[in-house]
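Report on one structure; see the data block that follows.
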Ligand SMILES: [Zn+2]
């Protein structure tokens, strides 16, 4: 194992953050990149990687790693240091208001320009050229702020990985996974090892989130260059939502770490035959559904909430999600499911303001347009 540190640009005198990465196995072969807590107050993944690292150390010591595995347990040191009036807040950058998992650079069009005369009919050759081009473009980005520097440093570490898992969590939720259409089978394999209850599929999520900006260039270049200059889809980048904010425990984290370890074994990244034996004992994974079919239930009025539905419940159209009670008039509004589907997350608050998103339900049918599928 090798540890590396990446100092971020200094934003203010005597105040410098850095990223720390742990590297297992040999560079030059396949590569896996795992990061936790890009939204810095989403902590389950941090504890999962704590439990995973000894497994990787043992596999490395026994010569069973078939790849390089890069682990970044604290992907957002800027957000991790943000506490406001005793409340830890790691989703938005205090300095700019930006969501930490948005506005990663889209390299697609720049790569097309850079590589227009370089690609050949050899897909593997093209893959190497594209990864080198990504690195060249990332090295050329001017980072004005510590946040810019952090985004680029994370992209530099992940851009040439075959598998990228970005570990997040939702408010109160069951385990769910986001992936692109090219990698439905990989997402199902990962989901089966982790016991995912929902797998959400989309190619154009929108907003420049980390995983999309890693898989999108491969889609865009393939579309642009066509069959004459083949571009393989070389990056399975997935956001994994490890349940809810409060679901942080050794019991859950050690089980999730084992699930990720076994997924990496099943993917051929670690030699360990016990993973496939374990897989055979697991129940079939949930059927993937389109992210465009995920619908949010909103609060029609303000008031104090009492939930009826729990994360993971399979709801029919019209099933009750919660009551909202106006504390002055005593009137009760009942919020019901707008579609058939699995309610996979709900907000952590118990007071609703009018129009607030309360719960997300994954339906089978696409209802929304791709391109702006995530909330703030
Ligand atoms: Zn998140």
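The values are calculated or read from the model by the stated rules, or taken from the named source; none is laboratory data. On a predicted model such as this, the values are computed, not experimentally measured, just so you know. All Cβ positions, glycine included, derive from the backbone under ideal geometry; neighbour counts span all protein chains shown.
Condition check ((1) within 16 Å of the ligand (Cβ to nearest atom); (2) without any contact (Cβ under 8 Å) to a residue 60 or more places away in the chain; (3) within 30 Å of residue 348 (Cα to Cα); (4) not in a helix (DSSP H, G or I)) across all residues:
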| residue | (1), (2), (3), (4) |
| --- | --- |
| 5 | no, yes, no, yes |
| 35 | yes, no, yes, yes |
| 41 | yes, no, yes, yes |
| 49 | yes, no, yes, no |
| 71 | no, yes, yes, yes |
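Going by what's in this entry, would residue 222 be described as within 23 Å of residue 156 (Cα to Cα), surrounded by fewer than 21 Cβ atoms within 10 Å (Cβ to Cβ) and out of contact with any helix residue (DSSP H, G or I) (no Cβ under 8 Å at 6 or more places or on another chain)? Yes, satisfied. Of the conditions (1) under 30 Å from residue 365 (Cβ atoms); (2) in a helix (DSSP H, G or I), residue 206 fails just one. Which one is it? Going through (1) under 30 Å from residue 365 (Cβ atoms); (2) in a helix (DSSP H, G or I) one by one, residue 206 breaks only (2). Pairing each residue of region 177-196 that is outside the structural domain of residue 214 (by TED's automatic domain parsing) with any residue that is surrounded by fewer than 20 Cβ atoms within 10 Å (Cβ to Cβ) and part of a strand (DSSP E or B), provided the two are 6+ apart or on different chains, yields no C-beta distance under 9 Å.
Table: residues versus (1) in a helix (DSSP H, G or I); (2) within 25 Å of residue 10 (Cβ to Cβ).
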residue: 130; (1), (2): yes, no
residue: 134; (1), (2): yes, no
residue: 139; (1), (2): yes, yes
residue: 150; (1), (2): yes, yes
residue: 157; (1), (2): yes, yes
residue: 161; (1), (2): no, no
residue: 164; (1), (2): no, no
residue: 167; (1), (2): no, no
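For region 80-102, the set of residues classified as within 14 Å of the ligand (Cβ to nearest atom) and either assigned to a loop (DSSP other than H, G, I, E, B) or not assigned by TED's automatic domain parsing to the domain that holds residue 152 (or both) consists of 89, 90, 91, 93, 98, 100, 101, 102, listed by residue number.
Answer yes if at least one residue in region 59-67 is within 16 Å of the ligand (Cβ to nearest atom) and at negative phi, and no otherwise. No, region 59-67 contains no residue that is within 16 Å of the ligand (Cβ to nearest atom) and at negative phi. Could you check, for region 9-29, whether at least one of its residues is in the same structural domain as residue 61 (by TED's automatic domain parsing), in a strand (DSSP E or B) and within 16 Å of the ligand (Cβ to nearest atom)? No: region 9-29 contains no residue that is in the same structural domain as residue 61 (by TED's automatic domain parsing), in a strand (DSSP E or B) and within 16 Å of the ligand (Cβ to nearest atom).
Filter region 156-175 down to residues that are under 14 Å from the mean Cα position of the chain (by Cα) and more than 15 Å from the ligand (Cβ to nearest atom) and give me whichever is surrounded by the most Cβ atoms within 10 Å (Cβ to Cβ). Per the stated criteria, the residue is 158. Report whether or not residue 131 is within 15 Å of the ligand (Cβ to nearest atom) and either buried (at least 16 other Cβ atoms within 10 Å of the Cβ) or not assigned by TED's automatic domain parsing to the domain that holds residue 217 (or both). No; evaluated as a whole, the condition is false for this residue. Would you be able to tell me the number of residues in region 243-271 that are more than 16 Å from the ligand (Cβ to nearest atom) and either surrounded by fewer than 18 Cβ atoms within 10 Å (Cβ to Cβ) or without any contact (Cβ under 8 Å) to a residue 60 or more places away in the chain (or both)? Within region 243-271, residues that are more than 16 Å from the ligand (Cβ to nearest atom) and either surrounded by fewer than 18 Cβ atoms within 10 Å (Cβ to Cβ) or without any contact (Cβ under 8 Å) to a residue 60 or more places away in the chain (or both) number 9.
Exactly one residue among 243, 192 is under 18 Å from residue 45 (Cα atoms), part of a strand (DSSP E or B) and in contact with a helix residue (DSSP H, G or I) (Cβ under 9 Å, 6 or more places away or on another chain), and that residue is 243. Residues in region 220-242 that are touching a residue at least 40 places away in the same chain (Cβ under 8 Å) and away from the ligand (no atom under 16 Å from the Cβ): 13 in all.
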